[in-house]
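Step one of this worksheet: look at the structure below.
The values are calculated or read from the model by the stated rules, or taken from the named source; none is laboratory data. Remember, it's a predicted structure, so these values are computed and weren't measured experimentally. Cβ sites come from the backbone with ideal geometry, for glycine too, and all protein chains shown count toward neighbours. Accessible surface is based on the protein model in full, side chains and every heavy atom, while ligands, DNA and RNA are left aside. Shrake-Rupley method; radii C 1.70, N 1.55, O 1.52, S 1.80 Å.
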Amino acid sequence: MAPNNILITGANGFVGRAVCAELLAENYAVMGAVRTGDHQAEGIKQIVVGSIDASTDWSEALRRADVVIHLAAVSMS
């Protein structure tokens, strides 16, 4: 059975946007764990988790996820 709900960390990043677009084209339900909800992408349910560190609360983001693809990176700005 294929996974239904895929959570992408770093969904707003360069690689994350490309992966999300490909998964959406394949009819997966895509959720994006993002720092802020500033960049809403069509078809992606965004879950704002803030900065990723030891205190990040992942409970909402992981609640419906069958698979996690971790693409988040440190922001150099």
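Within segment 1-20, residues that are of a type in the set (Val, Ile, Thr) have Cβ atoms under 7 Å from residues that are part of a helix (DSSP H, G or I) in these pairs: ILE6/LEU23; ILE8/GLY16; ILE8/VAL19; ILE8/CYS20, counting only partners at least 6 apart in sequence or on another chain. Under the condition of being under 15 Å from VAL67 (Cα atoms) and open to solvent by less than 50 Å² (accessible area, probe 1.4 Å), the residues counted in segment 1-15 number 8. Against the definition (surrounded by 11 or more Cβ atoms within 10 Å (Cβ to Cβ) and in contact with a Leu (Cβ under 6 Å, 6 or more places away or on another chain)), how does ALA18 come out, yes or no? It is false that ALA18 is surrounded by 11 or more Cβ atoms within 10 Å (Cβ to Cβ) and in contact with a Leu (Cβ under 6 Å, 6 or more places away or on another chain).
Out of ALA65, ALA61, ALA29, report the one residue that is under 9 Å from the mean Cα position of the chain (by Cα) and surrounded by 12 or more Cβ atoms within 10 Å (Cβ to Cβ).
Values: ALA65 fails: under 9 Å from the mean Cα position of the chain (by Cα); ALA29 fails: under 9 Å from the mean Cα position of the chain (by Cα).
From the options ALA65, ALA61, ALA29, the qualifying one is ALA61.
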